[in-house]
Amino acid sequence: MLARFQAELQSYAQQYPDGPVQMTGLQGADPTQVIRAQLTPHAGSLDRAAELVRAGKLPLGALAAAASQPYASMLIEQSCGPLYAVSADHDVLARELAAATAAINGEVVAEASTLAVITLLPERAPTLLSAFTAVRLPRPALADIEVAWSELTRAPGSSYAVSYDPEHDVLVSQVISLTEHQQLYRRITEIDKIARTLVLTDLAETASPPDGHQAWLAAVDLAAKQKLPLWSDDVAIRSIAAGKGIATFGTWAMLTALIEADLIPDTRTADALALASEGVIKLPTDNREGSA
């Protein structure tokens, strides 16, 4: 009876982290299961989840799964505003820079948010990818990109986008205009094209049925299984991976590592301006700053 009570108590704390009964720690709990438990009961009202995404505490991919939307679609639609890709914590930045430096000339696992970022730096993307002997992409990530691409092949006016309304602090769904449709189609085509240049990798089948979370979670699982670093531009995903003992880094750390190793010229100011001009991400203009 005690064991059952403890199990029920932990389940409640996972599903309702802000409820009257809270736990100071969830030792032994899988953070990805906690995310599922928190989102599933509230799939109809995701504004609080969107707030956590903007704070870098919840992966955008988890919100996409709860909203039954392709992860790749919500990446290019900027559904929660700028992607939180760079941690403001200097210790975290230092660890990620060390991980990026150690990953040069080795294999890595790429997560879909990284493809969304590096395709905005077309002149840098080939150099970034060539820094590794292999960049692996889990098959569920490509499948998600294909779904997003397929949806955008429909006629303009028949597609919907999920976006963030800063005035009312809520998520909204709206019909995509012709101009927006063309821009999103171009973005997903670029992501799909670069995804197919990577080493597509399957994961071992599990007893649990696949779900929308695999679009982002598969990269974490693959990195853990093959003991490889994870390249992701979502701080929440990197935090989850780090909690599993996986070395993680983002594109900004990778650029910095290559620059400090004198392998490429210092283009960080131009790169930050290019990304900011796209309205997708805000990055520091030098390695002494950290920003979302």
What is the number of the single condition among (1) under 24 Å from Tyr71 (Cα atoms); (2) modelled with pLDDT of 95 or more that Lys244 does not meet? (2)
Scan of the stretch 245-277 for residues that are within 16 Å of the chain's Cα centre (by Cα) and more than 21 Å from Pro122 (Cα to Cα), ordered by number: Ile246, Ala247, Thr248
Residue within the stretch 79-88 that is surrounded by fewer than 24 Cβ atoms within 10 Å (Cβ to Cβ) and assigned to a helix (DSSP H, G or I) present: no
Among the helices (runs of 4 or more DSSP H) lying completely within the stretch 189-281, list those that include at least 1 residues that are among the hydroxyl-bearing types (Ser, Thr, Tyr), in contact with a Ser or Thr (Cβ under 7 Å, 6 or more places away or on another chain) and touching a residue at least 12 places away in the same chain (Cβ under 8 Å). 251-260, 268-277
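The values are calculated or read from the model by the stated rules, or taken from the named source; none is laboratory data. Because the structure is a prediction, the values reported are computed rather than measured. Here the Cβ is made from the backbone with ideal geometry for all residues, glycine too, and neighbour counts use every protein chain on show.
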